[in-house]
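Okay, structure first, notes after.
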């Protein structure tokens, strides 16, 4: 007789069930990293960002004019883009306050502003004290929040161009373009690190869980805190 719970004839994945409203708990060989609310917030930010991206690119340059077809034409893209931008900022604000408590820099993480980031990309350095989020993830978190604010404020100025002096409007265009380019580059790296660079990471934002082995390798202090395994046990 199987020990695995079932609903009808389908087995129940207890790790996924636990990930609905819990985090930092072990279920079998998996650890719940992100509960459902956290994942929904993350995907809401992602979705609205890409709507902004695909509606804004044809406005930015005629080279990307073909993207306007996704929204029914350039005129429709011009209507969608600012409202998608507002939605993106609101979801980003929710994400900021949702994760803020876990994203405070520890004294040992301040060197992520320098050589530590390069060591991480080359899989070098000592990661034994990395908690649930490393310094690079925290840096990305705050940079994302700052970028979202920059896009919002510059976008609002561009939305009502006649209400502001010309020099202020020109500055808003510059800020919007720089923030957009920085976001686009950062998102490419974010996707790469969450998929090909670190296999098993993507499941944290779909299932909500990671394996014990993944946690032990990438976030050993978090693994020790959750599992209670201080490394003294063998076998």
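Read-outs: derived from the displayed coordinates by stated rules, not from any lab. Bear in mind that the values here come from a model prediction, so they are computed numbers and not experimental data. Methodologically, a virtual Cβ is constructed for each residue, glycine included, from the backbone with ideal geometry; neighbour enumeration extends over all protein chains shown.
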Can you put 102, 23 in order of Cβ neighbours within 10 angstrom, beginning with the fewest? 102, 23
Cα centroid of region 160-235 to Cα centroid of region 132-150, whole Å: 8 Å
So for 211, 144, fewest C-beta neighbours within 10 Å to most, what's the order? 211, 144
Residue 36 to residue 16: extension gain in nm, 0.36 nm per residue of separation minus the Cα-Cα distance? 6.3 nm
To the nearest 10 degrees, how steep is helix 74-99 against the longest Cα principal axis of the chain, on a 0 to 90 scale? 40 degrees
Å³ per residue enclosed by the Cα convex hull of the chain: 179 Å³
Overall Cα dimensions of region 34-102, principal axis frame, Å, largest first: 42, 17, 17
Do the sum for the chain: with -39,500 (n - 2.57) for every DSSP H run of n ≥ 4, divided by all residues, what is the mean residue ellipticity at 222 nm, to the nearest 500 deg cm²/dmol? -18500 deg cm²/dmol
Roughly how tilted is helix 166-194, in degrees to the nearest 10 and between 0 and 90, from the longest Cα axis of the chain? 30 degrees
How would 80, 130 line up from fewest to most surrounding beta-carbon atoms within 10 angstrom? 80, 130
Below 8 Å between Cα atoms, with a sequence gap of 6+, how large is the relative contact order for the chain in percent? 24 percent
Would you mind telling me which residue in 51, 25, 168 has the biggest mean-square fluctuation in a Gaussian network model of the chain, where springs connect alpha carbons within a distance under 10 angstrom? 168
